[in-house]
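Visitor: I'd like to ask you about the structure that follows.
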Amino acid sequence: MAQKVAVLGTGKIGEALLSGMIRAGWSTDDLLVTARRPERAEALHARYGVETVTNAEAAKSADTLILAVKPQDMAALLSELAPHLPADRLVISAAAGVPTSFFEERLPGGNPVVRVMPNTPVLVDEGMSVISAGTHATEDHLLRTEAIFKPVGKTLRVPESQQDAATALSGSGPAYFYFLVEAMTDAGILLGLPRDKAHDLIVQAAIGAAVMLRDSGEHPVKLREAVTSPAGTTINAIRELEKHGVRHALIAALEAARDRSRELASGEG
């Protein structure tokens, strides 16, 4: 039997999931969307041919609800859904830092809840979505969640206790690489390259290195050593990185991101 899925709060991430599901073969007849603004709902209907509904209508008719609103809007959304949501409906949260217990306390039917932390490369089908089961979620619920998120990248199951660390590494991870590319581009300009050429060189180096890491199965140290000739250019650059404490700074940055995720989970603003 076909499963009807509703995406509630269809912003960039929600739309990426919607389009990925359609590309993966989901029928638009089995997909529902909600949006805060009527013009946004109309645009989604025109672009994908999916039915747009209210949040209450989605709660009543969908087998699975994907809640893709901002964390600060989640409590209000759950209050709106709770009176209409049958106990067997799967609730998937894509909100950063919000634990499954937050949903379980506000949904009186004992609904299965799955927490997912996607990152922005889902927009280009290269995302990583980290998945954790709530108290009432079963293997079937996890498989249903993976079927939704796999069309836009990879999925990885972790215990919910590891979600804050996963958020620091994966959810925020793309921003660290953009920051690094930005700094390397500035360095390329300082070294005499035009900005566009520096950018192209760095982006392709990043893509190539990522593919080698993914496909070779080699440890990053081994791949780095293959580029690092004795008394060569690379080892001189790495010496400067170590001298300036870049490794330590990265570890501290990820710890700070993890701690902030924990603060969000505990309700701190």
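Visitor: When only Cα pairs under 8 Å and 6 or more residues apart are kept, what is the percent relative contact order across segment 35-168? Walk me through the numbers before you get to the answer.
Guide: Details: 208 pairs, mean separation 23.4, N = 134.
Normalised by residue count, the contact order of segment 35-168 is 17 percent.
Visitor: Quote the relative contact order of the chain in percent (integer), defining contacts as alpha-carbon pairs under 8 Å separated by 6+ residues.
Guide: Details: 382 pairs, mean separation 37.8, N = 269.
So the answer I get is 14 percent.
Visitor: Hey, can you grab everything whose amide H is under 5 Å from the amide H of GLY127? Only 5+ residues off in sequence or another chain; H modelled, so Pro and N-termini drop out.
Guide: Long-range HN contacts for GLY127: VAL122, GLY153, LYS154.
Visitor: Please state the charge dipole magnitude for segment 125-174, taken about the Cα centre, from unit charges on C-beta atoms (+1 on K and R, -1 on D and E), reported in debye and rounded to the nearest 20. Could the numbers behind the result be given before it?
Guide: Numbers: 4 positive and 7 negative charges, 10 e Å.
The dipole of segment 125-174 has a size of about 40 debye.
Visitor: Okay, next question. Could you tell me the number of lysine pairs in the chain with C-alpha atoms less than 19 Å from each other, where the two lysines are 8 or more residues apart or belong to different chains? Could the numbers behind the result be given before it?
Guide: Details: LYS4/LYS60; LYS4/LYS150; LYS12/LYS70; LYS12/LYS150; LYS12/LYS154.
Going through the chain pair by pair, I get 5.
Visitor: Mind sorting out which of (i) -0.51, -1.04; (ii) -0.41, -0.91; (iii) -0.34, -0.88 is the real log10 I(q)/I(0) by the Debye sum over Cα atoms at q = 0.08, 0.13 Å⁻¹ computed from the coordinates?
Guide: Among (i) -0.51, -1.04; (ii) -0.41, -0.91; (iii) -0.34, -0.88, the one calculated here is (ii).
Visitor: What does a probe at ASP215 reach in segment 109-130, counting residues whose amide N is under 20 Å from the point 7 Å along Cα→Cβ?
Guide: 124-128
Visitor: Same structure, new question: Output the relative contact order of segment 1-80, whole-number percent, from Cα pairs under 8 angstrom with separation of 6+ residues. Before the final figure, lay out each step's value.
Guide: Values: 108 pairs, mean separation 33.1, N = 80.
RCO, segment 1-80: 41 percent.
Visitor: Give, rounded to the nearest 20 debye, the magnitude of the charge dipole that segment 152-200 has about its Cα centre when Lys and Arg contribute +1 at Cβ and Asp and Glu contribute -1 at Cβ. Show your work: numbers first, answer last.
Guide: Numbers: 4 positive and 6 negative charges, 33 e Å.
It works out to roughly 160 debye.
Visitor: Set Lys and Arg Cβ to +1 and Asp and Glu Cβ to -1, take the dipole of segment 123-269 about its Cα centre, and tell me which of HIS219, ALA147, PRO159 lies farthest positive.
Guide: Positive-end residue among those listed: HIS219.
Visitor: Charges only on Cβ, +1 for Lys and Arg, -1 for Asp and Glu: so what's the dipole of the chain about the Cα centre, in debye to the nearest 20?
Guide: Details: 27 positive and 33 negative charges, 75 e Å.
With only Lys, Arg, Asp and Glu charged at Cβ, the dipole is about 360 debye.
Visitor: Hey, what number do you get for the chain at 222 nm if only DSSP H runs of n ≥ 4 count, each worth -39500 (n - 2.57), divided across all residues, to the nearest 500?
Guide: On the way: 12 runs with 139 residues, N = 269.
One gets -16000 deg cm²/dmol as the mean residue ellipticity at 222 nm.
Read-outs throughout are calculated quantities, based only on the coordinates presented, and are distinct from any laboratory measurement. Treat the numbers as computed from the prediction; the structure is a model and nothing was measured. Here the Cβ is made from the backbone with ideal geometry for all residues, glycine too, and neighbour counts use every protein chain on show.
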